[in-house]
Amino acid sequence: MSETIDTIIAWHKNTFKDGTLEGQLKKYDEEKEEFAKSDRKDLSELADMFIVACGVARFDMCWGIYTLNNVSFWRDVSGFDTCKLCEAIEKKMKINKKRKWKKTADGTYHHENGIED
């Protein structure tokens, strides 16, 4: 896997220079809700949770470990294969790296229209 927690944190620092822990925790809650709305069946939403959890770890390793463990819990409960999750993370990061991002009023970032999943 070419994307690791460290490579995603580095991308996050470069892409979201003025990001905050609070913004990342809000974004994590958004992604967790999207995953729940998929009845915990959409692996790409779980990949989003993993990517945002890495962003949380950028600011606070304890919170980062907590959110990464949460992703692992849902992977196990939902029956997703680890290899398939790794593939979904790789695919999502390729997309994310091509996107343009905009900071919202609540401190989270959302991609601008254009490149979809």
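The table below lists the values:
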quantity: Of all residues making up region 104-114, the number that are surrounded by 15 or more Cβ atoms within 10 Å (Cβ to Cβ) and free of Cβ contacts under 8 Å to residues at least 60 places away in the same chain; calculated: 1
quantity: Answer from V71, V52, V56 - the residue that is part of a helix (DSSP H, G or I) and either touching a Lys or Arg at 6+ places or on another chain (Cβ under 6 Å) or acidic (D, E) (or both); calculated: V52
quantity: Hits in region 1-55 - residues which are more than 20 Å from K97 (Cβ to Cβ) and free of Cβ contacts under 8 Å to residues at least 12 places away in the same chain; calculated: D29, E33, A36, K37, S38, D39, D42
quantity: Tally of residues being surrounded by 12 or more Cβ atoms within 10 Å (Cβ to Cβ) and under 13 Å from D18 (Cα atoms) across region 92-103; calculated: 2
quantity: Among the residues listed as G79, G55, G107, the single one being at pLDDT 95 or above and among the small types (G, A, S); calculated: G55
quantity: Among (1) in a helix (DSSP H, G or I); (2) more than 11 Å from the chain's Cα centre (by Cα); (3) without any contact (Cβ under 8 Å) to a residue 60 or more places away in the chain - the single one F80 does not satisfy; calculated: (1)
quantity: Filtered residues of region 13-49 (kept if under 19 Å from A88 (Cβ atoms) and surrounded by fewer than 13 Cβ atoms within 10 Å (Cβ to Cβ)); calculated: E33, A36, K37, D39, K41
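The values are calculated or read from the model by the stated rules, or taken from the named source; none is laboratory data. Predicted, not measured: the structure shown is a model, and the values here were computed from it. As a convention, Cβ positions derive from the backbone with ideal geometry for all residues, glycine included, and neighbour counts pool all protein chains shown.
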